[in-house]
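Below is one structure, written out as structure tokens; the observations come after it.
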Amino acid sequence: MGRVDKGVKCSVSGCSRDAVRSLATEKVKSAGLNVGSGQKRVYVCKEHYKEFKKKTKKDKTIDKWRYGA
Ligand SMILES: [Zn+2]
């Protein structure tokens, strides 16, 4: 969970806000966010990070079943 350099954009599809966090691609995907694959880490903006946190907190158990993790 590193910090992000200025000027880096959010990796979520259709989003062009500045990124504030870098996260593991797998985790972001399992939170339901639409990010490209092929990279180990993706960048998320403040809004998507909030969404990510919300989903990972709420649906932890369900996501495990749903995604077979
Ligand atoms: Zn975003």
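We did not get these values from a lab; they are worked out from the coordinates using the rules stated. Everything quoted here is computed from the prediction, not taken from an experiment. Neighbour counts are summed over all protein chains in view; Cβ atoms, including those assigned to glycine, are modelled from backbone coordinates with ideal geometry.
Counted by Cβ distance under 15 Å from Arg41, the other residues give a net charge of +4, where Lys and Arg count +1 and Asp and Glu count -1. Near Asp5: Cβ cut-off under 14 Å, other residues only, Lys/Arg at +1 and Asp/Glu at -1. The net charge is +4. For Thr25, neighbours were defined as the other residues whose beta-carbon sits under 12 Å from its Cβ, and their charges (Lys and Arg +1, Asp and Glu -1) total +3.
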